[in-house]
1. Considering amide H positions built from the backbone, and no H for Pro or chain starts, which residues 5 or more places from Cys63, or on another chain, come under 5 Å of its amide H?
2. From the square roots a ≥ b ≥ c of the eigenvalues of the alpha-carbon gyration tensor of the range 128-199, which class results: rounded (a/c under 1.5), prolate (a/b over b/c), or oblate?
3. How big is the gap, in Å, between the Cα center of the range 1-26 and the Cα center of the range 136-201?
4. Give me the extension gain from Phe96 to Lys193: residue separation times 0.36 nm, minus the current Cα-Cα distance, reported in nm with one decimal.
5. Would you mind checking Lys50/Lys92; Lys39/Lys173; Lys94/Lys163; Lys92/Lys162 for any pair whose Cα atoms are more than 20 angstrom apart?
6. Which residue, Val153, Val29, Val141, has the most motion in a Gaussian network model of the chain that connects Cα atoms within less than 10 Å?
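Each value in this text was obtained by applying a stated rule to the coordinates, not by laboratory testing. Computed from a prediction, not measured in an experiment: that's the story for all the values here.
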Amino acid sequence: MHTIVQVDQYIINSAEFAIPILDHLRNLVHKADARIEEKIKWGMPFFDYKGTVCHMASFKHHCAFGFWKGSLMIDEYGVFKERSEAMGLLGKIKSFDDLPSDEILIAYIQQAIQLNENNVKLPPKPKATEKKELVIPEYFVEALQEDPEALAVFQNFSLSNKKEYVLWLEEAKTEATRIKRLETTLAWLAEGKTRMWKYKK
């Protein structure tokens, strides 16, 4: 089993309810295939074999588990929620009751591995010129959903004001910096402030 201490630390630092859930998901991934390797990407645990297979994350009140190529997978048991994003395909996981059976999850993990084995690629994303709407990172969306005041302010901002915050978060070079910026962003939004409020008279 290829585990890394960074994922150990991620789980330990998660909310108390999330620790056993994340441990369980992690163990299932490795049970599905011993060749899986762990990595930390964008501040959360990813599981790789010949490319990204799946990933998990914890938030204040729920966990998330997703398949990188979920849009290409066959959802035989109807466990995927109606979302196109790879993150959160199983919806908000607040307890073990929100998870499919171990057998089903292992089968899905093995299906995701098979896609990588067969070198199946995700379809290319639309070019920036073809897509005018702002792409908001999943971790920011999740944080906003758990902070109604900040969310309300952000939704009422202009596209340029939203973009300033998103770029600031995405330009963070380390996980620690990104987390700190996310906390600052939520605090400023709750006060109705734009990203550049200090420079505006």
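1. Those qualifying (amide H under 5 Å, at least 5 residues apart or on another chain) are Ile93, Lys94.
2. Rounded, since a/c falls under 1.5.
3. Each part reduced to its Cα centre gives a spacing of 27 Å.
4. 31.1 nm
5. Exceeds cut-off: Lys50/Lys92; Lys94/Lys163; Lys92/Lys162.
6. Checking each option, the largest mean-square fluctuation is seen for Val141.
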